[in-house]
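Structure first, then comments.
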Amino acid sequence: KNEVEQSPQNLTAQEGEFITINCSYSVGISALHWLQQHPGGGIVSLFMLSSGKKKHGRLIATINIQEKHSSLHITASHPRDSAVYICAVSGTGNQFYFGTGTSLTVIP
Amino acid sequence: EPEVTQTPSHQVTQMGQEVILRCVPISNHLYFYWYRQILGQKVEFLVSFYNNEISEKSEIFDDQFSVERPDGSNFTLKIRSTKLEDSAMYFCASSPTRNEQFFGPGTRLTVL
């Protein structure tokens, strides 16, 4: 069973394009996380949100609690944004569920 | 800026051997986590630790696994008798609150 589903699995974009990655979840959550994983393997937390919308630079994350859905947007994409983006949710206990990730490649 | 550290960065072991993976969380953080990521697969939750005890564990975290915070700074994951399928990247994370996550760089475990 997959508590967290992401789409698309792979995404290739031209530099400058607007990018959207979607995440749906099926469990009760206390928060949703967007993470970035670079080819070296390290994981960085981009956003943690439980309602509404957050913005950091060119990144925007939104969540709709009623629909159990979140999106990560990247405006004016750049080759350095190339990475795997992972949606994860912290359940109502202290457990985390991860999506399979979206591999993004931004071409100059 | 403080960060979570993990040692070693790469551990190679023979099947059946015990391994201990070490993590130094950010000081004053209260919640600690271990995750694993098998090559090419998604990150999986193993265990969370708070107030010197396990608060949640997944089905993966069976009797072969244990965690400890031996000295107030380190947070360790022990695998008692490694199997080939334990080969993965193991990430530690810590947090000042229940939901935030600050990840370490990971330890790549290779079981031969």
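The values are calculated or read from the model by the stated rules, or taken from the named source; none is laboratory data. If you're wondering where the values come from, they're calculated on a predicted model, not measured in any experiment. For neighbour counting, all protein chains shown are included, and Cβ atoms are generated from backbone atoms with ideal geometry for every residue, glycine included. In case anyone asks, the SASA skips ligands and DNA or RNA and just uses the protein heavy atoms, side chains included. Shrake-Rupley method; radii C 1.70, N 1.55, O 1.52, S 1.80 Å.
Only protein heavy atoms count here, probed at 1.4 Å, and on that basis chains B and A bury about 1700 Å² of accessible area in total. Normalised by the number of residues in segment B:18-74, the mean separation of alpha-carbon contacts (under 8 Å, six or more apart) gives a relative contact order of 29 percent.
Across the protein assembly as shown, the convex hull enclosing all Cα atoms gives 124 Å³ per residue. Placing a label point 7 Å from the Cα of B:GLN14 along the Cα-to-Cβ direction, the residues of segment B:74-112 with a backbone N closer than 15 Å are B:81-84, B:111-112. In chain B, one over the average inverse separation of all distinct C-alpha pairs is 13.9 Å, which is the Kirkwood hydrodynamic radius. Straight distance only, please: which lysines reach the Cα of B:LYS57 with their own Cα at less than 16 Å, same-chain residues fewer than 8 apart left out? Here the lysines satisfying the reach criterion relative to B:LYS57 are B:LYS78.
On the protein assembly as shown, 48 percent of the accessible area sits on carbon and sulfur atoms, based on a 1.4 Å probe.
Using θ = phi - 60° in the Karplus curve 6.51 cos²θ - 1.76 cosθ + 1.60, the 3J(HN,Hα) couplings for segment B:31-38 round to 10, 9, 9, 10, 10, 9, 9, 5 Hz; x is entered for Gly and Pro.
Averaged over the residues of peptide A:89-102, the number of Cβ atoms from other protein chains lying within 10 Å of each residue's Cβ is 5.
Across the alpha-carbon atoms of segment A:37-106, the computed radius of gyration and Dmax are 12.8, 37 angstrom. Could you give the distance between the Cα centres of segment A:82-105 and segment A:58-79, to the whole Å? Taking the Cα centre of segment A:58-79 as reference, the centre of segment A:82-105 is 13 Å away. In order along segment B:102-107, the Karplus-derived 3J(HN,Hα) couplings, from 6.51 cos²θ - 1.76 cosθ + 1.60 at θ = phi - 60°, round to 10, 8, x, x, x, 10 Hz, and Gly and Pro are given as x.
Just flag the GluC sites (Glu not before Pro) in segment B:58-112 sitting in loop per DSSP whose Cβ has no more than 15 other Cβ atoms within 10 Å. For GluC sites (Glu not before Pro) across segment B:58-112 that sit outside H, G, I, E and B with at most 15 neighbouring Cβ atoms in 10 Å, the list reads B:GLU59. All alpha carbon pair distances within segment A:2-77 were sorted into 5 Å bins beginning at 0; the resulting P(r) in whole percents reads 3, 14, 24, 26, 20, 9, 3, 0.
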